[in-house]
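Data block below; observations after.
Just so you know, all these numbers are worked out from the coordinates, no wet-lab data involved. Worth saying up front: this structure is predicted, and the values here are computed from it rather than measured. Don't worry about glycine lacking a Cβ; one is built from the backbone with ideal geometry, like all the others, and counts go over all protein chains shown.
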């Protein structure tokens, strides 16, 4: 990797200040950024680690019953600390990568990176979560703007993610055999006011909501309600591990399984 | 009762203590005072003409010692190929040069263009980025069949085409083969691909070159399976150095799987550069470099045809294979699709007429060479897939069809050049049927179906030829090396023993198993025997470890040297006991006079050998013997495997639920180590069958250049294995009666897995004939919905 300055502030304000430097880059758990640096594919002037900011750590339940996860909270922490309050989210976190990844990688890093095959974007979008930053709150529906693209401004830090807790939810992940990212992952959440279905791994546009499935499930919450429903293969990813048609098919299968798991 | 020491005991692997406690000494652990680091600038273009390589900016960068390009190696030899194959018309193979750094053209992504030696690796990388390379991109030659057409772009401009050789084995009369097929009651045909693999040993390759100006001596530390072979090739063919001035050390090596047999450009470079820079030079491969510079494996495209008579006897077999050699000839690449592949096409069957045709192709891809099994998995996969397809087409039991055609009389001369010395294929199949509980399969299938899964049973037989030999025969077949091995047994004065062996241990457990043999022969504790390997300055000239040869070949040399030691020790004992040498018996470390209670201990004899006060004058002092051993034939391990899979009909996901191996390895020295070898081999075979796929796009870009896209098998991809090694027909021509077990699992398992998947799909009403490996979920789903 190229040389860079390293800073590890202990407050959000100090982190924001450090990120104001030209070509400074925020560092979450580094599970994407560090390999990128090692391949010399990025050359930030400074890395600003967010892992020393205590107010961005941990999982808590807010007054309205929603679960709030600090932006620098590792997947392993979510897997254990959200297990009782939001089991489907904890299960999602527990399926990311391997133990080493889960003990370094953070929710803020994953959501800000918006890898089209990452698990968290499906959990955030499927839950209708709110992304809180140092400057504002962004609804999940407005946050993910396509592959590796989000509504975040330069230097903006995800301080926490607030998840409303659904009546039932399930994350169904079909593994890409090499990376074990999601070849297709479906996060389904059933709220009193409706069902949300978010799909990761499948689309060239990154995580998306499958609205036809949501409507069908709002009418009848059963796997059979999805009979005959398919996402359009046109925008699906095609690569070594699966064709567009295969991914489109898996979206249906994984969604049905999520419904079955919630029924 | 299992033995607790010596031959046949599952002695715990003594080397594991240092490996598991972080006390191993790998090449990357070796740092020589004053060393510099080299970074290779590698081509990101698959095929192109080098217009210019401007290093001027790089040379002035901080820390740079020297920048090398292909020009610095003009007049230096290229990387040699160790086996000259003769084509079916009697002409030698086309053998293009393979320079250390690219000259004139780049021929694959990863081909090294320049090398920067600097004080630190980061400085070397910085400087490499300042090298200005102008490449005129040419059409990449990727598809083998297209590459074979007249008018194809040439990988090597000086060759007449991209075909290294067009080779044939077995029946030479095409008309006779045609007649067999024309008269057959049934012909089964199958087109298939044996997928390209990357070996991916846990330890990437490393080389450290050192030059001592005062004595004009070189040392190369390298991740090699065969240090003497590297020294010979590098000295005699590449750099033109006197062998006695060059020491090659391969210390602990973290897995080889074939890919560390070969002499690589980076080794020659570090040795050369150490003198040119007058500093030690170190190279450590990154994982990315490993994907684009370690020799790959397999990559065959084949058509196989099996002819059967009305009674389902195999009457003819014909194969046509395109074998990818990549851009250059790696050290033993030419032998893999020919003498290690065509010769195995008879398998376990007495097919009377066999014709094997192989076109070996140059393409703009990483060179392909031996990978665990090397040619034998490719042969087994074709044969066992076509036999399974024939059974399905004929509606007969796949085990019965195999049994009916087994070779049962030994020795057996195959139509493809081998003589199987011994075996018991029906007996081994009996062991498999019991160990795999095949009788219970129907109930397991019903249980799977109740869970919404399709369950399939795949059967496979294999034979392999290990310990390739003898040297005079392989020499006639084109080998440019001998294939003997050597051992020196050095008995120390106090009775402990150092055994210097030509074989190299990089996971095989030699350090445990070899002493079991020597200790058993003498009757002393295993802990008194230590193996020394991996250093040309310490060991006799041996050929190293590959092709499941170590115990059968080097172990035999070790036995012969130990026999010489015992013979001499008996003469000394006879003197001490004032008895006739013929009356001396050795048992449990005691020399005794037959029929008396007179005896002398091993340690007293060894001490006498080195403190020869009371000593037979006609006997030389000391107790050290060397033996070289050149086998009379290959050894022929064989086995039968059963794989059970579940297929998720909704997603095409395959899960291996049960895997049972019945192998005949002849006599076994350490059953635990043999079980472990088979486990590892099956793991790699399941990897090939279900997961691993080295893929290029049409422009020669490597699509699977990291673990993000190259799927290695993980622990949860494989089941607990059942292994049965009780079928034992000892090898008839080596002193231990051993065969070789290192590659069997990787040879025997891929067809078993694929056969099982197809059985599962067909049981579910999906008439699927074949799916190419890796049998990934997407491919299974496509086949089911095709």
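Things worth noting here:
- A Förster radius of 35 Å combined with the Cβ-Cβ distance from residue B:417 to residue B:439 puts the calculated FRET efficiency at roughly 0.35.
- Across every pair of non-identical alpha carbons in the range B:347-476, the mean reciprocal distance, once inverted, gives a Kirkwood radius of 17.7 Å.
- Mean-position separation - Cα centroids, the range A:4-58 and the range B:734-755, in angstrom: 51 Å
- Placing pseudo-labels 7 Å out from each Cα toward the beta carbon at residue B:426 and residue A:8 gives an inter-label distance of 7.1 nm.
- Inter-chain shielding of A:233-246 (mean C-beta neighbours from other protein chains, 10 Å cut-off): 3
- Within the range B:621-655, backbone nitrogen closer than 20 Å to the virtual label 7 Å beyond the Cα of residue A:260 toward Cβ: B:645-655
- The slack in the chain from residue A:230 to residue A:212, taken as 0.36 nm per residue of separation less the alpha-carbon distance, amounts to 5.6 nm.
- Inter-centroid distance (Cα atoms) of the range B:21-90 relative to the range B:376-399, Å: 44 Å
- Distance between the C-alpha centres of the range A:177-199 and the range B:534-608: 69 Å, rounded to the whole angstrom.
- Between residue B:186 and residue B:23, the contour length at 0.36 nm per residue exceeds the alpha carbon distance by 52.7 nm.
- Cα-projected label distance for residue B:449 with residue B:763, points at 7 Å along beta-carbon direction, nm: 0.8 nm
- P(r), alpha carbons of the range A:168-262 - 10 Å bins starting at zero, rounded %: 19, 53, 25, 4, 0
- Cα shape, the range B:667-777, gyration tensor, a/c 1.5 rule: prolate
- Residue exposure proxy: B:587, A:8, ordered by other Cβ atoms within 10 angstrom of their Cβ from fewest to most, comes out as B:587, A:8.
- Here residue B:313 and residue B:153 are evaluated by their C-beta separation; at R0 = 51 Å the FRET efficiency comes out at 0.65.
- Look at the stretch B:649-659: the mean tally of other chain Cβ atoms within 10 Å of its residues' Cβ atoms is 2.
- For chain A, calculated [θ]222 nm from helices alone, where every DSSP H run of n ≥ 4 adds -39500 (n - 2.57): -8500 deg cm²/dmol
- Length-normalised contact order of chain B in % [C-alpha pairs under 8 Å, at least 6 apart]: 15 percent
- Entry note, the range A:168-262: relative contact order of 31 percent, from Cα contacts under 8 Å with a spacing of 6+ residues.
- Working note: 222 nm ellipticity from helices only, DSSP H runs with n ≥ 4, each -39,500 (n - 2.57), summed and divided by the residues of chain B, gives -7500 deg cm²/dmol to the nearest 500.
- As computed over the protein assembly as shown, the Cα convex hull volume per residue (Å³): 197 Å³
- Shielding by partners - mean other protein chain Cβ count within 10 Å, residues of B:773-781: 5
- Cα gyration tensor shape of the range B:565-624, rounded if a/c is under 1.5, else prolate or oblate by comparing a/b with b/c: prolate
- Each of B:448, A:243 was scored by other Cβ atoms within 10 Å of its Cβ. Arranged with the fewest first, they read A:243, B:448.
- Long-range tail of P(r) for the range A:7-139 (Cα pairs > 22 Å, %): 35 percent
- The range B:378-420: C-alpha gyration tensor shape, a/c 1.5 cut-off, then a/b vs b/c: oblate
- Mean Cα-pair separation over length for chain A, i.e. relative contact order, pairs under 8 Å, 6 or more apart, %: 15 percent
- Expressed per residue, the C-alpha convex hull volume of chain A stands at 118 Å³.
- Extending 7 Å from Cα along the Cβ direction at residue B:76 and again at residue B:626 yields two label points whose distance is 3.0 nm.
- Residue order, fewest to most surrounding Cβ atoms within 10 angstrom, among B:144, B:202, B:773: B:202, B:144, B:773
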